[in-house]
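The values are calculated or read from the model by the stated rules, or taken from the named source; none is laboratory data. These figures come from a predicted structure and were not determined experimentally. FYI the Cβ positions are ideal-geometry reconstructions off the backbone, even for glycines, and counts take in every protein chain you see. Accessible surface is based on the protein model in full, side chains and every heavy atom, while ligands, DNA and RNA are left aside. Shrake-Rupley method; radii C 1.70, N 1.55, O 1.52, S 1.80 Å.
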Amino acid sequence: MADQHAEATAPHVHGEMNISEQAWTWSLFMGLTKWLSLATAVVILFLTVWFAVGAGFVPAFISSAVMAVVGFFVLKNKVSA
């Protein structure tokens with residue numbers, strides 16, 4: 001019992017903790033954030049062009065599709081060589 005208490009109160013040594021789960025969670029969070037931000041921007045552009053500008057469905061669809069394609073290529077993960 002005393003050994004468990006000693007381990008719990010041992011001083012922290014920088015760099016010894018396994019942070020793979022935290023790194024995975026952060027990577028997932030950032031990935032979801034960037035893709036959902038793109039989706040939100042595409043929906044806002046679509047609705048703005050369709051209703052606020054009054055251009056109609058086809059121009060709204062075309063402009064939001066262009067934004068989605070450009071955003072996809074900007075946000076996709078780069079493969080490091």
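Kindly rank 30-40, 54-64, 11-21 from highest to lowest mean number of other beta carbons found within 10 Å of each residue.
Numbers: 30-40: 12.0, 54-64: 13.8, 11-21: 6.8.
Result, highest mean Cβ count within 10 Å first: 54-64, 30-40, 11-21.
So how far apart, in nm, are the two label points at F51 and E21 if each is 7 Å from Cα heading toward Cβ?
For the pair F51/E21, the computed spacing is 4.4 nm.
Taking the Cα atoms only, what angle lies between the long axis of helix 20-47 and the longest principal axis of the chain, rounded to 10 degrees?
Computed tilt is about 10 degrees.
How much length is gained on full extension from H14 to T33, taking 0.36 nm per residue of separation minus their Cα-Cα distance? Mind showing how you got there, number by number?
Values: separation 19, 0.36 × 19 = 6.84 nm, distance 2.93 nm.
Roughly 3.9 nm would be gained on extension.
Note the listed values (i) 9.8; (ii) 6.2; (iii) 9.3, then indicate which one is mean projected area of the Cα convex hull in nm² calculated from this particular structure.
Only one listed value fits the structure, namely (i).
Quick check for you: with a 1.4 Å probe and neighbouring chains kept, what is the accessible area per residue of the stretch 22-65, in Å²?
Counting only protein heavy atoms, the per-residue value for the stretch 22-65 is 71 Å².
Enter the accessible area of V79 (Å², nearest 10), with the probe set to 1.4 Å and all protein chains included.
Near enough 140 Å² of accessible area.
Subtract the Cα-Cα distance of T40 and V66 from 0.36 nm times their separation in residues, and report this length gain in nm to one decimal.
Net length gain for the segment: 7.9 nm.
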